[in-house]
Amino acid sequence: QVQLVESGGGLVQAGGSLRLSCAASGRTFSSYRMGWFRQAPGREREFVAAISRSGVSTYYADSVKGRFTISGDNAKNTVYLQMNSLKPVDTAVYYCAASSRSTVSYRPINYDYWGQGTQVTVSS
């Protein structure tokens, strides 16, 4: 069992930055692939970024590549999402998720544990 708690969301102007944090408790953090998803009103939950257990490999949606960076700190059981050059289209609830699968997945159904989400609002 893994518990995930996100923080760091808020209101920011277009072009600004935010850093989201996801603190994990329970089973060893490094046992899971970690991912970030987001969901805007009226839209399906979509993949944003993921990181391998070792932290060596990272994966990004095309829409955030070059602007967002996922990283992890196994000692702190925390994964981060640094978001730069934010746009109004990035407005959504952002969720942290943990997957026990051996390969990266971009589909929410393949993630076993989810946080409660944190709201990110980007104003124009």
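The values are calculated or read from the model by the stated rules, or taken from the named source; none is laboratory data. Given the structure is predicted, the values throughout are model-derived calculations rather than measurements. No Cβ is skipped: glycine too gets one built from the backbone with ideal geometry, and neighbour counts run over all protein chains shown. Surface areas here come from the heavy atoms of the whole protein model, side chains and all, with no ligands, DNA or RNA. Shrake-Rupley method; radii C 1.70, N 1.55, O 1.52, S 1.80 Å.
Brief remarks follow.
- Between the residues 31, 121, 11, the greatest Cα displacement towards the positive end of the dipole of the chain, with unit charges on the Cβ of Lys, Arg, Asp and Glu, is found for 31.
- Rel. contact order, % - alpha carbon contacts under 8 angstrom, at least six apart, the range 19-86: 36
- Fully extended contour minus Cα-Cα distance, from residue 85 to residue 3, at 0.36 nm per residue: 26.5 nm
- For the range 14-79, projected area of the alpha-carbon convex hull averaged over all directions, nm²: 5.5
- Shown for the range 1-123: the carbon plus sulfur share of the solvent-accessible area, taken with all protein chains present and a 1.4 angstrom probe, equals 47%.
- Semi-axes of the equivalent ellipsoid for the range 1-43, Cα gyration tensor, largest first, Å: 25, 13, 9
- Across the alpha-carbon atoms of the chain, the computed radius of gyration and Dmax are 13.3, 41 angstrom.
- Among the trypsin sites (Lys or Arg not before Pro) within the range 27-94, those in coil by DSSP and having at most 15 neighbouring Cβ atoms inside 10 Å are 27, 43, 65, 67.
- Cβ-placed point charges (K, R +1; D, E -1), dipole of the chain about Cα centre in debye, nearest 20: 160
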